[in-house]
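The values are calculated or read from the model by the stated rules, or taken from the named source; none is laboratory data. All values reported here derive from a predicted model rather than from experimental measurement. All Cβ positions, glycine included, derive from the backbone under ideal geometry; neighbour counts span all protein chains shown.
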Amino acid sequence: MKYYSKIALITILIGLVSATSFAQEPIGVIAKSKGTTFHKKFNADDYSPNAIMGTQLKNNDWIKTGDDGFIAIFFLDDKSQIKVKSNSEMAILAAVERGKISKTISLDYGTVKASVTKQKGEFRIATPTSVASVKGTEWWVTSDENGDIFIVIDGIVEVENLISGTVQNVGADETATSNPDGSVEVEETEEEDVPDDPETEGEEEDSGSTIHELRIRMVNEETNTEKYIIIEYAE
């Protein structure tokens with residue numbers, strides 16, 4: 001059964017990387033990085049240590065975190081963001097579909113929090129077991145060999161199990177468990193099951209945070225014009 005789920009996921013990923021002209025354009029930027037982190041560029045064979053704050057991310061870039069690692073990413077088109085907790089690995093994929101930018105986080109394993117603004121294109125998180133799609137919401141995803149857990153904080157997430165094709169809509173304060181046997185279970189979220197946000201841990205002790213400004217230069221080669229996207233981020 002697991003073999004067929006991987007085939008379904010590969011099919012999704014092939015469709016997303018088909019827009020080669022878009023592959024070289026920046027999709028997002030690393031807004032914060034701490035602990036043990038890694039970054040692999042789309043055209044590299046191996047990871048480089050240290051995912052550096054301010055690094056632009058492109059289609060098919062990979063990031064990975066170690067035992068104490070954390071990475072926050074902002075997407076340039078709509079300023080949606082994801083927070084990647086320790087012991088996680090994922091690829092960032094994007095495609096132009098009918099003039100709209102659709103993004104997929106291909107999560108091999110680990111824990112991610114996504115805060116997605118309302119947008120025209122799709123935003124997905126894909127794992128070997130499931131695909132979750134949203135238009136605008138906030139939720140957690142944890143994935144490992146035992147399946148996936150989706151904890152929705154706000155909005156609605158559509159969860160599809162790739163083995164069985166079962167689809168469930170998961171609302172605010174609900175948790176969906178998508179299992180390798182093809183089943184999807186939805187229940188009310190228990191507060192103690194919500195992962196700790198790495199950026200809110202120890203807030204009372206670290207109230208004097210520093211605001212960083214990231215200036216991202218964007219060039220339109222067709223019109224030979226440029227603009228800057230400014231992101232402010234606390235550290």
(Q) So, in the stretch 78-95, exactly how many residues are touching a residue at least 60 places away in the same chain (Cβ under 8 Å) and closer than 18 Å to Val134 by Cβ? (A) 6
Q: Identify all residues within the stretch 54-65 that are in contact with a Phe, Trp or Tyr (Cβ under 8 Å, 6 or more places away or on another chain) and part of a loop (DSSP other than H, G, I, E, B); write none if there are none.
A: Asn59, Asn60
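So that you can scan it fast, the table gives a plain yes or no per residue for (1) in contact (Cβ under 8 Å) with a residue 60 or more places away in the chain; (2) within 18 Å of Ala94 (Cα to Cα); (3) under 15 Å from the mean Cα position of the chain (by Cα):
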position: Thr37; (1), (2), (3): no, no, no
position: Lys40; (1), (2), (3): no, yes, no
position: Asp45; (1), (2), (3): no, no, no
position: Gly54; (1), (2), (3): yes, no, no
position: Lys58; (1), (2), (3): no, yes, yes
position: Gly66; (1), (2), (3): no, no, no
position: Ile71; (1), (2), (3): no, no, yes
position: Leu76; (1), (2), (3): yes, yes, yes
Q: Would you be able to tell me the number of residues in the stretch 49-71 that are in contact with an Asp or Glu (Cβ under 9 Å, 6 or more places away or on another chain), of a type in the set (A, V, I, L, M, F, W, C) and modelled with pLDDT under 95?
A: 1
(Q) Just the residues that are within 15 Å of the chain's Cα centre (by Cα), hydroxyl-bearing (Ser, Thr, Tyr) and crowded, with 22+ Cβ neighbours inside 10 Å, please, taken from the stretch 112-136. (A) Thr127, Ser130
Q: Considering only residues that are polar (S, T, N, Q) and in a loop (DSSP other than H, G, I, E, B), look in the stretch 143-167 and name the one that is nearest to Thr127 (Cα to Cα).
A: Asn146
